[in-house]
Ligand SMILES: Nc1ncnc2c1ncn2[C@@H]1O[C@H](COP(=O)(O)OP(=O)(O)O)[C@@H](O)[C@H]1O
Ligand SMILES: [Mg+2]
């Protein structure tokens, strides 16, 4: 986090992005306050994932400005990547690695020095110690999703960007997942979560609705 602790963990203005002649993100502005769960609702193809990539500096907007955790989304994407937890829609873990190996792999990516300890703590928090050497592919959908969330939390980010984390997950697992998000928010972690499920939007104190790349409400 920058020294001048920003009021908003995400503060973007007038973001636009085209792919070819397709206007995928159309003048999107939004602010997410610290410790807030912010829902990003919209149908498939409405530009949620692209907006999230713009906000964390993975893509450069054609126009528009903003900050994420106080870092400039155009110039400081490396800092943003180091400091946010980002869960992609089709999150990646290796089905044929064990649960421990998957977490250890992520810890290596973040070049953590205390890998063993961090991974052990994460396994304990998940309640998966006894299954650490089980292949990830053998987990249920809900457990895979919890593992993916734990993986993007290993480096203790203050902001989570979750891109349709519950797509294709059964209703019980979805409910558990949302309860977990509220627990994280209670610890001061900010969460931007995109979804195309209307019912999930009800669980968000703050909400933006996007369609055809444009914020509508
Ligand atoms: N890298 C890309 N190149 C070209 N088109 C893309 C790219 N990424 C996304 N799109 C298109 O942009 C639109 C919005 O996609 P996306 O942001 O993934 O929406 P959502 O996450 O809301 O489903 C879709 O029509 C998609 O096909
Ligand atoms: Mg998507």
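Numbers for the structure displayed
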read-out	value
The range 1-110: C-alpha gyration tensor shape, a/c 1.5 cut-off, then a/b vs b/c	oblate
Using a Förster distance of 25 Å, the FRET efficiency for residue 156-residue 197 (Cβ separation, nearest 0.05)	0.35
Sorted by Cβ neighbour density within 10 Å, fewest at the top, the residues 109, 210	109, 210
Reciprocal mean inverse distance between Cα atoms of the range 130-193 - Kirkwood radius, Å	12.6
Ranked 135, 216, criterion: other C-beta atoms within 10 Å, fewest first	216, 135
Within a Gaussian network of the chain (alpha carbon springs, distance under 10 Å), most fluctuating of 20, 70, 142	20
Sequence-separation-based contact order of the range 63-140, relative, with Cα cut under 8 Å and 6+ spacing, percent	30
Ranked list, fewest to most other Cβ atoms within 10 Å of each Cβ, for 146, 75	75, 146
Whole-percent pair-distance distribution, where bins are 5 Å wide, for the alpha carbons of the chain	1, 7, 15, 19, 20, 16, 12, 7, 3, 0, 0
Cβ-Cβ FRET estimate between residue 29 and residue 81, R0 fixed at 35 Å, reported to 0.05	0.95
With Cα atoms, 0 to 90° folded angle of helix 171-186 axis to the chain main axis	80
Antiparallel bridges, percent of DSSP beta bridges restricted to the chain (to nearest 5)	50
Mean Cα-pair separation over length for the range 100-149, i.e. relative contact order, pairs under 8 Å, 6 or more apart, %	34
Rel. contact order, % - alpha carbon contacts under 8 angstrom, at least six apart, the range 1-142	21
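Quick note: the coordinates plus some simple rules give every number you see, no bench work behind them. The shown structure was predicted, so the numbers you read here are calculated from the model rather than taken from an experiment. As a convention, Cβ positions derive from the backbone with ideal geometry for all residues, glycine included, and neighbour counts pool all protein chains shown.
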